[in-house]
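Heads up: the structure comes next, in structure tokens.
Values quoted throughout were computed directly from the atomic coordinates according to the rules given, and no laboratory measurement underlies them. Since we're looking at a predicted model, the values are computed, not measured. As a convention, Cβ positions derive from the backbone with ideal geometry for all residues, glycine included, and neighbour counts pool all protein chains shown.
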Amino acid sequence: MSLMKVEKLNKSFKAIHVLKDATIELKPGERHVIIGPNGAGKTTFINCLYGTLKFESGDVFLEGKSIKNIPSHERVKLGMARTFQKNNLFVDLTVGENIYLAILSEKPYKMNFFKSLSEYADIKRETEEMLLQWEMQDRKNVKVKNLSYGEQRVLEIMLALCANPKILLLDEPTSGMSPSETVRTTELIKKIPRSVTLLMIEHDMEVVFSTADRITVLHHGETILSGTPEDVRGNEMIQEIYFGGGARNHA
Amino acid sequence: MKKSIIVTLFLTLVICALPFVITPFVLFMLTEVLIMAIFALSLGLIMGYGGLQSLGHSAFFGIGAYTVAVLSEHVTSIYILIPAAIVISCLFALLTGLIAIRNKGIFFLMITLAFTQMLFLFFRQSDLWGGADGLGTSIKPNLGFTELGSPLSLFYLIAAFFVLTYFILRLFVNSPLGKGLKGVMENEGRMIALGYNVKKYQMIAYVVAGGLAGLAGGLYIFKTQFASPDLFSVHMATTVLIMVFIGGLGTLFGPVIGAGVFIFLQNYISTMTDRWSLIMGLLFIVIVLYNRGGIFQLVQLIGKKLLPKKNVFAHKKGGTTIELNESGKAE
């Protein structure tokens, strides 16, 4: 059974028809990468899946149930999480504070009024575990605005994982990173347990082919192909659109 | 929570001891400081921790004041008057908040201003409750077993409410709820993505702040025995805003210091010159330009500069080190 299914999604910004019957299916544990030239509608697609944007027609199913009308802040409870293409963090707070805010959102006591947050031992422990797993222990008390860009990108992913999602939407996790940061981040992404299904937008072809189980190609808002990395590599039409059709190759 | 209790107890001790070392005139002024401190604390909560800039916070103060003034013709017990002032202000916060919270930044500010102006004009132009002349009352706080008449007893009553307000807000800002609120202020979009219902957090803060401002307004009547439409004015709203800024936005104790400095300057400079607000204006400009964290941050900075020396000293004596906690008091 599929974990998530998106059926014939249509989305327009005024006169521009950005997504045309975009369709995708995710199997549990899969690493699914969406590729496509600039302006293909990849980020819009993720925004629609997560409920950040509303769409005109089509439907999104999570474990067989339509989640079209569920507001985005409630989707976390259903097991969805996302990162942003541009860093979207609490820049004036420390790394530790960023993480406990992310962990807190899943706790039953998140609206508690009387007890000080620092007295909850579980949140402290989980924060430490998270920092250890992502090799950020020494950054705990550093304000996020003082981190390097690559570290901020990694923190994006960490925050999303704090909610223990079943499905994680990654919007260009390695964009703007230096080559060495890209390698490090790719290794960390590969370490994410298979209990988390990944849907990822990525431009860097090395990252795409080293992580993907399946690749979906989005072109002018249409999902023109969905297949294994070998299918995509061997497909001439894809080669034409993605590498030859005037679109710049970011790799 | 333990830390909060210790700090609050310390604060209580200081306030209890104050009347023994000050003159009756200063006591009179301090009573007003404490009332305005409750008011400023409530605005400091939504501005410094919720990121909601309000130019209409005087609405709740006025509502609390009028509630006590109007009801005092019928009842005298503070067990009815004070809760009534709080509940009615909370209800008003709830109703206006449902509309205002949907907007951000300058629009939130304009909507809160609009609501307050509506109240201001209503109380000034209607014939109800004294109209533009205001409403006088001869209420004295009735505790059930005794009626408080002396300035000293009134001071202690208001001090008790102040300490309670401070304690509750201290718990609030350190609790998961308060940390979540701060997260909403820092980055609302990310909080939504993390699964927080951000409007709920802002609404809770807005209603709590409204209720506390109402409490301050109610206590104000016990002191002045006069409710005037001017309590709803923009002047009142900006006064409390300036107190928060002078004291330190984003800190809990800052607004309390701001209220103190403001009222003391007002009282002392006005004996020397009529242009006292000029000097207040200068102070305000200096703080906005050079020290956004206000007087409170300034004290903290000085404290931190002095701290290493103290540490060495403490180490030599084999004593404990001194740490600054969130409210900046040495423990």
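What the table shows:
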read-out: With eigenvalues of the C-alpha gyration tensor scaled by 5 and rooted, region A:1-90, Å; value: 19, 16, 15
read-out: All-pairs alpha carbon distance profile, region A:41-150, 10 Å steps from 0, percent; value: 12, 34, 32, 20, 3
read-out: Percent antiparallel among DSSP beta bridges (both partners in the protein assembly as shown, rounded to 5); value: 60 percent
read-out: 10 Å Cβ neighbours from other chains, averaged over peptide A:70-78; value: 3
read-out: Nearest-0.05 FRET efficiency for B:Leu306 and B:Phe226, computed from C-beta distance (R0 45 Å); value: 0.50
read-out: Two-decimal log10 I(q)/I(0) for region B:187-274, as the Debye equation yields it once each C-alpha is a single scatterer, q = 0.16 Å⁻¹; value: -0.85
read-out: Nearest-ten-degree value, helix A:149-161 long axis tilted from longest Cα axis of chain A; value: 80 degrees
read-out: Shielding of A:17-23 by partner chains, average beta-carbon count, 10 Å; value: 0
read-out: Inter-label distance for A:Ile224 and B:Ile5, nm, one decimal - labels placed 7 Å from Cα along Cα-to-Cβ; value: 6.9 nm
read-out: Average Cα contact separation per residue, region B:64-183, under 8 Å, 6 or more apart, as relative contact order %; value: 24 percent
read-out: Per-pair calculated FRET efficiency, R0 = 45 Å: B:Leu143 and B:Ile269 via Cβ, rounded to 0.05; value: 0.80
read-out: Equivalent ellipsoid semi-axes, region B:122-259, via Cα gyration tensor eigenvalues times 5, rooted, Å; value: 33, 20, 14
read-out: Exceeding the 21 Å Cα-Cα cut-off - candidates B:Lys2/B:Lys305; A:Lys115/B:Lys200; B:Lys104/B:Lys182; A:Lys14/A:Lys54; A:Lys8/A:Lys77; A:Lys27/A:Lys65; value: B:Lys2/B:Lys305; A:Lys8/A:Lys77
read-out: Square roots of 5 times each gyration tensor eigenvalue, C-alpha, chain A, largest first, Å; value: 32, 22, 16
read-out: Förster radius 25 Å - calculated FRET efficiency between A:Ser180 and A:Asn38 (Cβ-Cβ, nearest 0.05); value: 0.50
read-out: Whole-number D in µm²/s for region B:170-214 (Stokes-Einstein; Kirkwood sum over Cα pairs; 4 °C, 1.567 mPa s); value: 120 µm²/s
read-out: Estimated translational D of the protein assembly as shown in µm²/s (Stokes, Kirkwood radius over Cα pairs; 37 °C; 0.692 mPa s); value: 122 µm²/s
read-out: Choice from B:Ala85, B:Ala216, B:Ala100 showing the highest fluctuation, given a GNM over chain B with Cα pairs closer than 10 Å; value: B:Ala100
read-out: Whole-Å distance, taken between Cα centres, linking region A:50-99 and region B:1-59; value: 40 Å
read-out: Estimated inter-spin distance, B:Asn103 and A:Ile70, nm [label 7 Å along Cα→Cβ]; value: 3.4 nm
read-out: Kirkwood Rh and Cα Rg combined as Rg/Rh, region A:72-120; value: 1.00
